[in-house]
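Asks: Got a structure here, written out as structure tokens. Questions coming.
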Amino acid sequence: MSFAAPFVLVALAAIPVLIVLYGGVQRDRRRAASAFAAPALSASVLPRRPGWRRHAPMLVVLIAVAVLVVAAAKPQRSIAVPVERASIMLVTDVSGSMQATDVRPTRLSAARAAAKRFVAKVPKTVNVGVMALSSKPRVLASPTRDRFAINAALDQLTARGGTGTGEAIQAATKILRTQPGVNGKRPPSAIVLISDGSSTGKVDPVAAAQAARKLRIPIYTVALGTAQGTITVPRPGDQGGTETRPVPPDPQSLAEVARASGGKAFTAADATKLSDVYKGLGSLLGTRNAKREITAGFAGGGLALLLLGAAMSLRWFGRLI
């Protein structure tokens, strides 16, 4: 919780002063009572002492004053609200290793299905683009609000080529930095990069991520697959036939990319985990924190406590404090 006018909270220092003054009044009251009747006669003059009830109304009033002071400081709390304008590039690895079946039905099919659920979750005001990460990046859809076009682009993802991660980050950054904004201000942007292996391209992915960070474009990486992932490929040369090749994911390289860009890194060993990651990203990228004033709640509570203190005093002593 924060305050729009925090300097008002200085008034809380008056609470201890009021407590001291109240204590002095009570001591004076006891002295006056002692002067009126000898201590031995006190029990017959005041057979029933109010005890704790004497101080309860004042305690409630002091709490009410403290609450009202907090209300005057205009308390605020942060809540998640849908973003009004933002652009996200979904960069999906389509290299040959994405045909591995350790993530059912295949890594690429699971990535496509999770991406579609992600697109369905983010607010309609968010522009989403689609890029295929291969030896050379291919833009299948520029950032748009047209969900049908985005899903059609995701359907075009087919496994082929290598893993030019650095090249894809450069291309996605170039697209996002040119997105139209309002009053010359570029809208918030981010890259969601899903891959299963280390880069085989010429551009250093970490250097590309650092360049994206300078433009305030974080990269959220998802390492997809398990250490048991394999693909079947033709034997090299003229040997004929096929062979099984292991294709474990490389979460460390992707984590370095995310860290260099100011984003976050995730891992997904199966389709369910991948879906959960995309769900979390939808909430993270599709909302922003906004401050909302909650003064009315504190003011109402303070007034209610004041009325309670007055009612207690009238009920028990027949007068206000």
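Asks: Any chance segment 177-186 includes a residue that's within 17 Å of Ser87 (Cβ to Cβ) and within 19 Å of the chain's Cα centre (by Cα)? First the steps, then the outcome.
Replies: Here is the first cut: in segment 177-186, the residues within 17 Å of Ser87 (Cβ to Cβ) are 177-186.
Filter once more, keeping what is within 19 Å of the chain's Cα centre (by Cα): none.
No, the conditions are met nowhere in segment 177-186.
Asks: Right, next: Would you tally the residues in segment 136-187 being of a type in the set (A, V, I, L, M) and in a helix (DSSP H, G or I)? I'd like the intermediate steps shown before the answer.
Replies: Pass one, segment 136-187, residues of a type in the set (A, V, I, L, M): 139-141, 149-150, 152-154, 157, 159, 168-169, 171-172, 175-176, 182.
Those still in the list that are in a helix (DSSP H, G or I) too: 149-150, 152-154, 168-169, 171-172, 175-176.
Number satisfying all stated conditions: 11.
For every residue, the table says whether it meets (1) modelled with pLDDT of 80 or more; (2) buried (at least 16 other Cβ atoms within 10 Å of the Cβ).
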position: Ser2; (1), (2): yes, no
position: Pro6; (1), (2): yes, no
position: Leu18; (1), (2): yes, no
position: Ser34; (1), (2): no, no
position: Gly51; (1), (2): no, no
position: Met58; (1), (2): yes, yes
position: Ala71; (1), (2): yes, yes
position: Lys74; (1), (2): yes, yes
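Asks: Does Met89 meet the test of being more than 30 Å from Gly302 (Cα to Cα), open to solvent by less than 40 Å² (accessible area, probe 1.4 Å), part of a helix (DSSP H, G or I) and modelled with pLDDT of 75 or more? Let's see the steps before the verdict.
Replies: Values: more than 30 Å from Gly302 (Cα to Cα): yes; open to solvent by less than 40 Å² (accessible area, probe 1.4 Å): yes; part of a helix (DSSP H, G or I): no; modelled with pLDDT of 75 or more: yes.
So Met89 does not fit the description; no.
Asks: Let me ask another. In segment 265-321, how many are at pLDDT below 75 and touching a Leu at 6+ places or on another chain (Cβ under 8 Å)?
Replies: 1
Asks: For residues that are of a type outside the set (Gly, Ala, Ser) and open to solvent by 10 Å² or more (accessible area, probe 1.4 Å), scanning just segment 92-107, find the one that is modelled with the lowest pLDDT. Reasoning before the result, please.
Replies: Start the filter on segment 92-107 by keeping residues that are of a type outside the set (Gly, Ala, Ser), which leaves 92-94, 98-99, 101-107.
Adding the requirement that they be open to solvent by 10 Å² or more (accessible area, probe 1.4 Å) leaves 99, 101-102, 104-106.
On the way: Gln99: 94, Thr101: 93, Asp102: 93, Arg104: 90, Pro105: 93, Thr106: 94.
Looking at residues that are of a type outside the set (Gly, Ala, Ser) and open to solvent by 10 Å² or more (accessible area, probe 1.4 Å), I get Arg104.
Asks: Go through (1) open to solvent by 60 Å² or more (accessible area, probe 1.4 Å); (2) among the hydrophobic types (A, V, I, L, M, F, W, C); (3) at pLDDT 95 or above one by one and return the number of the condition Ala120 breaks.
Replies: Unmet condition: (3).
Asks: Okay, moving on. Quick test of your reading of the structure: Ile217 fulfils all but one of (1) in contact with a Ser or Thr (Cβ under 9 Å, 6 or more places away or on another chain); (2) aliphatic (A, V, I, L, M); (3) in a helix (DSSP H, G or I). Name the failing condition by number.
Replies: (3)
Asks: Here is a follow-up. Which number in (1) open to solvent by 10 Å² or more (accessible area, probe 1.4 Å); (2) touching a residue at least 24 places away in the same chain (Cβ under 8 Å); (3) outside any strand (DSSP E or B) marks the one condition that Ser78 misses?
Replies: (3) is the only condition that Ser78 fails.
Asks: Moving on. Taking segment 232-259 as the search range and keeping residues that are buried (at least 21 other Cβ atoms within 10 Å of the Cβ) and touching a helix residue (DSSP H, G or I) at 6+ places or on another chain (Cβ under 7 Å), which one is nearest to Leu108 (Cα to Cα)?
Replies: Val247
The values are calculated or read from the model by the stated rules, or taken from the named source; none is laboratory data. Because the structure is predicted, anything quoted here is derived from the model rather than measured. Here Cβ is always computed from backbone atoms with ideal geometry, including for glycine, and neighbour counts include all displayed protein chains. Each accessible area value is taken on the protein alone, full model and side chains, heavy atoms only, with ligands, DNA and RNA left out. Shrake-Rupley method; radii C 1.70, N 1.55, O 1.52, S 1.80 Å.
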